[in-house]
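The values are calculated or read from the model by the stated rules, or taken from the named source; none is laboratory data. All of these numbers come straight from a predicted model, not from anything done at the bench. Methodologically, a virtual Cβ is constructed for each residue, glycine included, from the backbone with ideal geometry; neighbour enumeration extends over all protein chains shown.
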Amino acid sequence: MNSTLSAILISWSFAPWLAFFLGLTAAIYLRGWRRLRRRGVRQFQFKHLTCFYAGLGTIYIALMSPLDALAPLLMSAHMVQHLLLMLVAPPLLWLAAPEIPMVAGLPAAVRRTWVIPLWQLPALRRFAAWLTRPATAWTTAVVVLWLWHVPALYQWTLQDRWIHDVEHVSFLLSSLLFWFPVIRPHPHRRNDSFWLLLPYLFLAGVQGSVLSGMLTFADHVLYPHYEQVPRLWGLSALADQAIGGALMWTIGSLAYLIPLVLTGRLVLKSSSAAVVFRRSCTSHQSLPSPVFAGAERAAAAPNLSGSMAAIPWFEQRLQTRDSEAVSRGGRSADLASSVAVSTDGLLPVLSSESCCKASAPPLDVLQVPVMGAVLRRGTTRHVLQCILLAAAVIVVVDGLSGPQLAPANLAGVTPWIHWRWLLVMGLLAAGNLFCMACPFTLARHCANACLPSSWTWPHWLSNKGPAIVLLLLFFWAYELFALWDSPWWTAWIVVGYFSAAVAVNGLFRGAPFCRYVCPIGQFNFVYSLVSPLEVKVRNPQVCQTCRSHSCLRGSETMPGCEMGLFQPQKQGNFDCTFCLDCVRSCAHDNVGLIAGLPIARLAASDHLDGGRNTMRTSALLLIVVLSAAAVLSAGWMTGLGSALQWQAQNLLGEYGNPALVTAGTIFGLLILPLALIFLVGSASGAAEGTGDWRRNVGRYAPALIPMGLGIWAAHYTYHFLAGAGTLVAAAWRFAGDHGLASFASTWTCPCCAGELAPWMLPTQCLLLDLGLLASLYALYVVSRRQHGRSRQALTAAAPWAILVLALFAISAFLLLEPMEMRGTLAAWPGGGP
Amino acid sequence: MKGHALAVLCFVPALMGTDKALADGGTVQFSRQVGDMRFTVMTDPTPLRVGIADVSIMLQDARSGAVIHDGRATVIFSHAADPPLSMRGEATRAAATNKLLRAAQLDIPRPGKWQCEVEFVTSEATIRVQEVLNVAERPDRWRAAAPWLFAPLVPMGLYVVAEWLASRRKESRQARCRP
């Protein structure tokens, strides 16, 4: 095979958004088609499925096959691409009668929230009816076709990919409109004469011929782009243009001629009474409900029965159905029952009453085969803990004995780049996975076994205060001592953590370390409130009859909840370590790991303290501090933060930086956030008419959690994407240092070698966007719960919404500032280790 | 909420895929014939800007127009700055979507006039063609991020519509229930 041709044939591109869209559409249609078939709706046969997939396949070929690669080089290839989008894909899609299968294939929630209410909007139905009128559809398609062939616009599409995409989308949509009156897919009825199709198609063919004639017989190249690009096979740009025009002429003419002939035959062979379904119609009736469509067709069907052999198969399909309806009872008295039979399965899809019934039970991960069994086993947690313990030991060893160069040391990269990101992503994707596999808990258990653990944790410390103080200390030390840059300090922090876990739990009963001391745990507890998985009871009624309370107290063989959470009263994941002891100890096997929409849970009351109110204030303070820390820690690593630190150093000498960091921590994490919360709570309370800012803060502050998590996720994603490769280099060096592998001298630092991936910024922005949307939604739900769908609900939530928007804006500003790649910037000594 | 969440999630992959590197040629920067060979160099984005640039080369037999696939092509960008800057990358078919081309991705660090040189090495000879290209400033990061930062307005708008639809349904239901 010619090498040029073989190169063309392998030039398939891949556009993720298009593949996703086509795949999703195909899946929805298939789901709906199968549902309808299962309900006995025989109108949707295999040929419909085939047509639909052929239509989607045509779009795929037009936009991702070598045609797309050739389009910038050959005008004729570009023309074929457009012809596929305009003349092949749309008729195939309409022949599949896609509307009802697509609606039936959508999730019930989408149908309930969007499709049915929109379907019931008279204005929208009127607009759709106007749009699908033959005159409108014809004009739109022709205008779009001619407009994009204006040289300036055509040239623009070849220079700008966005405009090129817009061109393709507009071709596809306008052609879908054009072919709609021709095919009139089920359940739409033909409310105009078949005669109308003759001029409709004929005139379309004429205007297409004019355009293609202009392209074919032009004496100069109309689109200069094709004069500049390299020519293939010695084909001049003018000849290529003529071929493109000829292709448009022939294929276009055929595409209009075939339905024209079929329609002509239909018109000639059927009586006028059979062809005209309705002589006059009002515009709003052209998108009928299936009930009416069936009834009217059934009435018209007797006149159609004689023309079965002459009509196109797609019309035959409709008539077959109508004939069936009539054969079940032609009299008007029987129409209702015949329609009910013929539309069996369609009404349930579109009627709001029937499709909004009980939804499927939520997913319980513990009941998923294999995964559920593995998670239920206590040994699974021990294995995970041992793995993380081994990782912690390696980090400590390398941090204390390895080179004190952060990017080359496992203690310099693993905790600050990889672990933090994995922790946040675990919270976003599942739940509090780190606490589940926490190695410090292992040390805690050892301490409980070896030491007396007889004291009671002081009552005045039984809140989140100790953890908040430790968090503040950590954020302060992180900036002041550049912990990310010091493997030695990092190792000692890990050692200190283990020591604290052993000491606290060795002396005090219960699990005070996890509950009141551990800063990482508190971070996880707060942000797992928006995780999709929650440890909760499956059936609350079972708990009403339970007298053992083994989820809390434990059973003979299994411990209960160390955190003191009583499952029937527990709401959300706050204070839950995902240890799953309650799952194993429940005598009724009534505790599961249930999937759900986390934002809805935020609106629930009392979710911050597992049903107890003793910790509520400190828990709210924790949320506020963590939200502020999300912004401040990102701010310190920008050029702005660095400039401030330099200026402080210049101004105050060696005391400048400590003074700035200390002041920044106190002001940025405590004073400013608390002042803002007070102001916002007061404003919102006043809008509610109560003026009670404390209660208002208690109700609305949890809505800051998604925004905070979005900021943390965007921040850590930056570090991870910028420095993920450091793990390989550091692990390789560690292995080499300990005689486990020969260390190649050519290794260089894989991080920060060049520009970050172009999708980094969109990814970060999307994480912020998701946080913003979730926070605003939570605010609105909380307010609506209090005030209903009223203006007061909006005014009460408005101050908090402004605060969330401010957090979003500040985070976006920081995101767009030049960032320091902390812990990954240093080069290897001597150009390589 | 489930319906809204599904609607929002559907947007995410669609948005993610839009910032693709096409490596399909882009704008023709120059075309030279050297002996029996024709070199055509194309760049993307248009206009060529600071940041990651896709440089595509098409090598053809000047007489037949057949695409040449053998030999090694290297793209060298150099800037007469102080100190002089230079970067190079091998243009390969693997990196190109359109396999008629060879593509290389270069990270251009500064705007101005850059000399673009294509070095083509075969077992018989080494051929070089060069041209001066203008590289524009990096687009403002705010402008680049604006579509992503304002993306929440779409689901927010949809939510407002859904709320409005829900209130309409509620009103019509209440109207039906009235005697």
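Tell me yes or no: at least one residue of region A:734-752 is in a helix (DSSP H, G or I) and modelled with pLDDT under 85.
As a first pass, look at region A:734-752 and keep what is in a helix (DSSP H, G or I): A:734-737.
If we keep only those that are modelled with pLDDT under 85 too, we end up with A:736-737.
Looking for residues that are in a helix (DSSP H, G or I) and modelled with pLDDT under 85, one finds at least one in region A:734-752, hence yes.
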Of all residues in region A:654-682, which are in contact with a Phe, Trp or Tyr (Cβ under 7 Å, 6 or more places away or on another chain) and surrounded by fewer than 16 Cβ atoms within 10 Å (Cβ to Cβ)? A:Thr662, A:Phe678
Within region A:531-551, is even one residue outside any loop (DSSP other than H, G, I, E, B) and among the small types (Gly, Ala, Ser)? yes
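Just to be sure before I move on: is A:Leu640 farther than 17 Å from A:Ile520 by Cα, modelled with pLDDT under 85, assigned to a helix (DSSP H, G or I) and not basic (Lys, Arg) in the structure I sent?
yes
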Kindly list the number of the only condition in (1) hydrophobic (A, V, I, L, M, F, W, C); (2) surrounded by 16 or more Cβ atoms within 10 Å (Cβ to Cβ); (3) modelled with pLDDT of 85 or more that fails for A:Val267. (3)
Report, by residue number, each residue of region B:60-93 that is charged (D, E, K, R) and within 14 Å of another protein chain (Cβ to nearest Cβ). B:Asp61, B:Arg63, B:Asp70, B:Arg88, B:Arg93
Please go through (1) surrounded by fewer than 15 Cβ atoms within 10 Å (Cβ to Cβ); (2) in contact with a Phe, Trp or Tyr (Cβ under 7 Å, 6 or more places away or on another chain) for A:Val169 and return the number of the only condition it doesn't satisfy. (2)
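Could you go through region A:529-548 and let me know if any residue there is more than 22 Å from A:Ile623 (Cα to Cα), surrounded by 24 or more Cβ atoms within 10 Å (Cβ to Cβ), polar (S, T, N, Q) and over 27 Å from the mean Cα position of the chain (by Cα).
Here is the first cut: in region A:529-548, the residues more than 22 Å from A:Ile623 (Cα to Cα) are A:536-548.
When the remaining residues are screened for being surrounded by 24 or more Cβ atoms within 10 Å (Cβ to Cβ), the result is none.
Checked region A:529-548: no residue is more than 22 Å from A:Ile623 (Cα to Cα), surrounded by 24 or more Cβ atoms within 10 Å (Cβ to Cβ), polar (S, T, N, Q) and over 27 Å from the mean Cα position of the chain (by Cα).
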Counted residues in region A:453-475 being in contact (Cβ under 8 Å) with a residue 60 or more places away in the chain and either in a helix (DSSP H, G or I) or over 27 Å from A:Ser627 (Cβ atoms) (or both) come to 6
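May I ask you to verify whether A:Leu405 is surrounded by 15 or more Cβ atoms within 10 Å (Cβ to Cβ) and closer than 27 Å to A:Val583 by Cα?
Numbers: surrounded by 15 or more Cβ atoms within 10 Å (Cβ to Cβ): yes; closer than 27 Å to A:Val583 by Cα: no.
So A:Leu405 does not fit the description; no.
Name the one entry in A:Leu22, A:Leu18, A:Leu5 that is touching a Gly at 6+ places or on another chain (Cβ under 9 Å), of a type in the set (A, V, I, L, M) and more than 8 Å from chain B (Cβ to nearest Cβ). Walk me through how you get there before you give the answer.
Values: A:Leu18 fails: more than 8 Å from chain B (Cβ to nearest Cβ); A:Leu5 fails: touching a Gly at 6+ places or on another chain (Cβ under 9 Å).
The conditions single out A:Leu22.
Look at A:Pro101 and say whether it is part of a helix (DSSP H, G or I), more than 14 Å from chain B (Cβ to nearest Cβ) and within 30 Å of B:Ser172 (Cβ to Cβ). It would help to see each step written out before you state the result.
Working: part of a helix (DSSP H, G or I): yes; more than 14 Å from chain B (Cβ to nearest Cβ): yes; within 30 Å of B:Ser172 (Cβ to Cβ): yes.
Yes, satisfied.
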Which of the following residues is away from chain B (no Cβ under 12 Å), touching a Ser or Thr at 6+ places or on another chain (Cβ under 9 Å), over 30 Å from B:Ser64 (Cβ atoms) and assigned to a helix (DSSP H, G or I): A:Leu56, A:Leu36? A:Leu56
List pairs: first in region A:503-525 and over 12 Å from A:Ala447 (Cα atoms), second of a type in the set (Phe, Trp, Tyr), Cβ under 6 Å, 6+ apart or cross-chain? A:Pro512/A:Trp457; A:Pro519/A:Phe474; A:Asn524/A:Phe434; A:Phe525/A:Phe574
Please determine, by comparing only the residues of region A:166-187 that are outside any helix (DSSP H, G or I) and in contact with a helix residue (DSSP H, G or I) (Cβ under 7 Å, 6 or more places away or on another chain), which one is farthest from A:Gly264 (Cα to Cα). A:Pro187
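Yes/no matrix, rows are residues, columns are (1) under 30 Å from A:Leu74 (Cα atoms); (2) within 13 Å of chain A (Cβ to nearest Cβ); (3) in a strand (DSSP E or B):
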residue	(1), (2), (3)
B:Thr97	yes, yes, no
B:Ala103	yes, yes, yes
B:Asp107	yes, yes, yes
B:Arg110	no, yes, no
B:Lys113	no, no, yes
B:Ser123	no, no, no
B:Gln130	yes, no, yes
B:Val135	yes, no, yes
B:Pro139	no, yes, no
Return the residue satisfying two criteria in turn: it lies in region A:777-794 and is within 12 Å of another protein chain (Cβ to nearest Cβ) and touching a residue at least 24 places away in the same chain (Cβ under 8 Å), and of such residues it is nearest to the chain's Cα centre (by Cα). A:Tyr777
What are the pairs with Cβ atoms under 7 angstrom where one residue, in region A:122-145, is under 16 Å from A:Phe180 (Cα atoms) and the other, located anywhere, is at pLDDT below 90 and not in a helix (DSSP H, G or I)? Sequence gap at least six, or different chains. A:Arg125/A:Leu287; A:Ala128/A:Leu287; A:Ala129/A:Ser286; A:Ala129/A:Leu287; A:Thr132/A:Ser286; A:Pro134/A:Asp192
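Can you pull out every residue in region A:205-240 that is within 14 Å of chain B (Cβ to nearest Cβ), of a type in the set (A, V, I, L, M, F, W, C) and either part of a loop (DSSP other than H, G, I, E, B) or buried (at least 16 other Cβ atoms within 10 Å of the Cβ) (or both)? Show your work before the answer.
Kept after step one, since they are within 14 Å of chain B (Cβ to nearest Cβ), are these residues of region A:205-240: A:223-237, A:239-240.
From what is left, the residues that are of a type in the set (A, V, I, L, M, F, W, C) are A:229, A:232-233, A:235, A:237, A:239.
A:Val229, A:Leu232, A:Trp233, A:Leu235, A:Ala237, listed by residue number.
Is it true that B:Ala175 is touching a residue at least 12 places away in the same chain (Cβ under 8 Å), farther than 30 Å from A:Phe808 by Cβ and small (Gly, Ala, Ser)? Show your work before the answer.
Values: touching a residue at least 12 places away in the same chain (Cβ under 8 Å): no; farther than 30 Å from A:Phe808 by Cβ: yes; small (Gly, Ala, Ser): yes.
Criteria not met by B:Ala175.
For region A:31-48, give me each residue that is farther than 17 Å from A:Leu106 by Cβ, surrounded by 18 or more Cβ atoms within 10 Å (Cβ to Cβ) and at pLDDT 85 or above.
Start the filter on region A:31-48 by keeping residues that are farther than 17 Å from A:Leu106 by Cβ, which leaves A:40, A:42-43, A:45-48.
Keeping just the survivors that are surrounded by 18 or more Cβ atoms within 10 Å (Cβ to Cβ) gives A:43, A:48.
Listed by number, the list holds a single entry, A:His48.
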Of everything in region B:44-78, what is of a type outside the set (A, V, I, L, M, F, W, C), under 22 Å from B:Arg141 (Cβ atoms) and assigned to a strand (DSSP E or B)? Give them in sequence order. B:Asp44, B:Arg49, B:Gly51, B:Asp54
So in region B:24-50, with the set limited to residues that are surrounded by fewer than 18 Cβ atoms within 10 Å (Cβ to Cβ) and within 7 Å of chain A (Cβ to nearest Cβ), which one is modelled with the lowest pLDDT? B:Thr46
Long-range neighbours under 6 Å by Cβ, at least six apart or interchain, first residue touching a residue at least 60 places away in the same chain (Cβ under 8 Å) within region B:57-72, second not in a strand (DSSP E or B): B:Leu59/B:Ile68
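Here are B:Arg110, B:Arg128, B:Arg173, B:Arg143: which of them is surrounded by 13 or more Cβ atoms within 10 Å (Cβ to Cβ) and basic (Lys, Arg)?
Numbers: B:Arg110 fails: surrounded by 13 or more Cβ atoms within 10 Å (Cβ to Cβ); B:Arg173 fails: surrounded by 13 or more Cβ atoms within 10 Å (Cβ to Cβ); B:Arg143 fails: surrounded by 13 or more Cβ atoms within 10 Å (Cβ to Cβ).
None of the other options fit; the residue is B:Arg128.
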